[in-house]
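Worksheet: one structure, shown below.
The values are calculated or read from the model by the stated rules, or taken from the named source; none is laboratory data. Computed from a prediction, not measured in an experiment: that's the story for all the values here. Don't worry about glycine lacking a Cβ; one is built from the backbone with ideal geometry, like all the others, and counts go over all protein chains shown. The protein model used for the area step is the full one, side chains on, heavy atoms only, and it has no ligands, DNA or RNA in it. Shrake-Rupley method; radii C 1.70, N 1.55, O 1.52, S 1.80 Å.
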Amino acid sequence: MNWWNRKKLTGLLAQSLYEELDGDDRRALERGLDADPELRAEAEALSQFIDAIPREQPELERDLLPAVRARLADESPQPRYGGLRVAVAAVACVAALGLFGYGMWNTLTLDTDPGADGPVLASSVAPLLVEAETAVEQRNYTRAFEILDMAVAEYPRDASAGEAQYRLASLAFEQGRYPEAFEAYTKLKSEYHGVLDADPAREAEVAEARDLLEEANRVSYASLHALDVARRGRDLAQFEEILVDYAATKVAELAVYDMAKRASDGLDPADSSACVEAMKTARDRCSSPVAVAGINFELGNVYRDRVRDFELAGEHYRKAAEVPVLAQRANDALASLARPVSR
Amino acid sequence: MNLTTATDEELALALKAGQDPAFDELTRRHQGRVYAVAYRLTSNREDALDVAQDVLVKAYQKIEMWQPTSGFVPWLMRLTRNQAIDLLRRRKRRRCEPLDEADPAVRDGVSSERDLSDTERQVRAGEIDARVQQALGVLSPAQRVVFVLRHYEGLQLAEIAEVRGCTVGSVKVHLFRALKKMQVELRDLHDS
């Protein structure tokens, strides 16, 4: 049996395990199974396997409707009908006056980017998103990058262009292509803000990534590359070097957490006490006062934000403030403890 | 329109027309499956709750994007899949990765009022579920989505193709590969 036939048959086989095949497909599968005893054995084994996997789904133990309604009430009203009227009016303005440029049209149309949740058939970019995803699954990241880059370049006003831009930025970041990631996130924020407006979590993620890249850009992304190297290695000393060379930066914050995880095998990050202990373990293995101060600063943050022990938070901020490069940040953090609203 | 007997598509059309109570009925009907699918994709109950809420909020806010030419459930599953994938991406970048929660059947422990064999069965079911959930982790995102929507949610392959924006042939390939990988991962469970 050639490769193509086998691929088609295995597809039919998978389908037949769950659905009734139509006449032609059923006959094709039967012929294939008759001709290939190994495939028939595989079919039977898979059938038994599927029967052995329970189908129960985890139960939702509470009603989400009240929380969903509360969120809808809190979030800016989405003018589902007003938006459509504004969009229609905008079209009329563009047609009648011919004065508004391409950028203004983009601003006036409220639903600028429904993203990949929108109607797939109307979008030229949507199938390219799937193609890029396939390339990622095959670990062909260069190809995925090319596809997404081309998609946005060729179809900048497509309904899914914003989603493509977001994925391009994320992929560049994950692959360590930091200059491109910075450029892509900046473009995402300026030209496809609709993708972020509708999703506060995504907006926060993008803001965090962009801030990190903007800061690292000042040192030609050397700090991020150093962190990548440290993460691939086994040596805690490499993280310590980052805390010294890039003290008081966001990359140093990330390095503290990575160091704590590495210093304590099996760290449960959801457990604040475990986090504190892991950071202390990492701190005890540092020889540089700057690195120690950096970890003390992050300990202060954990005590303040997670453990809610403001005395211990203050104690650690004061220790961090003894090192000049961290003094400003540590003193600002101490001041935050004094403000009633922060508690 | 009687909300409780209306079809999903009738309710979605009503919501598009501005009938807000239709959303409440749609939420009641589908919040469980959205949560369940989110859990299978994220392997974390808290994340699944967040995803489920996000999906329902988005469904309300973006109801204009749903077209009556396609089913409401595939559209909702597409939102779920996208939100889950977004969360998994964010999780990769968080300083600390969230732990999976223990399955409640195991976490909640034994009730002294329960029959021992019922408890044993529940614990065993929880263990199997945890193993299956772990096995889902070896699948690629595409394979996982296809498997979860077919095996647990019972969506037809054509509907899954709509969710993923790909061909039915592609869905079949993903399903076969997912089954083979799961079979290898769970060989001991199957053999026992």
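Here is how the numbers come out for the structure above:
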quantity	calculated
A:R40 at pLDDT 85 or above, more than 24 Å from B:Q134 (Cβ to Cβ), at the interface with chain B (Cβ under 7 Å from one of its Cβ atoms) and not in a loop (DSSP other than H, G, I, E, B)	no
Among the residues listed as A:D305, A:D309, the single one being in contact with a Phe, Trp or Tyr (Cβ under 8 Å, 6 or more places away or on another chain) and among the charged types (D, E, K, R)	A:D309
The one condition in (1) within 20 Å of A:S123 (Cα to Cα); (2) part of a helix (DSSP H, G or I); (3) open to solvent by 10 Å² or more (accessible area, probe 1.4 Å) that B:L79 fails to fulfil	(3)
Residue selected from the stretch B:76-87 under the condition under 19 Å from B:R150 (Cβ atoms) and facing chain A (nearest Cβ under 8 Å), by the criterion modelled with the lowest pLDDT	B:N82
Residues that are assigned to a helix (DSSP H, G or I), more than 8 Å from chain A (Cβ to nearest Cβ) and farther than 22 Å from A:E203 by Cα, drawn from the stretch B:42-74	B:F72, B:V73, B:P74
Residues of the stretch A:43-58 that turn out to be under 17 Å from B:L149 (Cα atoms) and either facing chain B (nearest Cβ under 7 Å) or open to solvent by less than 80 Å² (accessible area, probe 1.4 Å) (or both), as a count	6
All helices (runs of 4 or more DSSP H) inside the stretch A:149-267 with 3 or more residues being modelled with pLDDT of 90 or more and charged (D, E, K, R)	A:178-191, A:200-217, A:236-245
Count of the stretch B:20-69 residues which are aromatic (F, W, Y), modelled with pLDDT of 90 or more and over 12 Å from the mean Cα position of the chain (by Cα)	2
Unmet requirement for A:E146, which otherwise passes all of (1) part of a helix (DSSP H, G or I); (2) more than 12 Å from chain B (Cβ to nearest Cβ); (3) touching a residue at least 24 places away in the same chain (Cβ under 8 Å)	(3)
Top-ranked residue in the stretch B:117-140 [being over 13 Å from the mean Cα position of the chain (by Cα) and modelled with pLDDT of 85 or more; ranked as most open to solvent (accessible area, probe 1.4 Å)]	B:Q134
Subset of the stretch A:243-298 (residues that are of a type in the set (A, V, I, L, M) and under 24 Å from the mean Cα position of the chain (by Cα))	A:V251, A:A252, A:L254, A:A255, A:V256, A:M259, A:A260, A:L267, A:A270
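Residues are listed down the side, and each one gets a yes or a no for (1) open to solvent by less than 10 Å² (accessible area, probe 1.4 Å); (2) farther than 25 Å from B:K62 by Cα:
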| site | (1), (2) |
| --- | --- |
| A:A169 | yes, no |
| A:A172 | yes, yes |
| A:P179 | no, yes |
| A:L188 | yes, no |
| A:G194 | no, no |
| A:D197 | no, no |
| A:A201 | no, no |
| A:A204 | no, no |
| A:A207 | no, no |
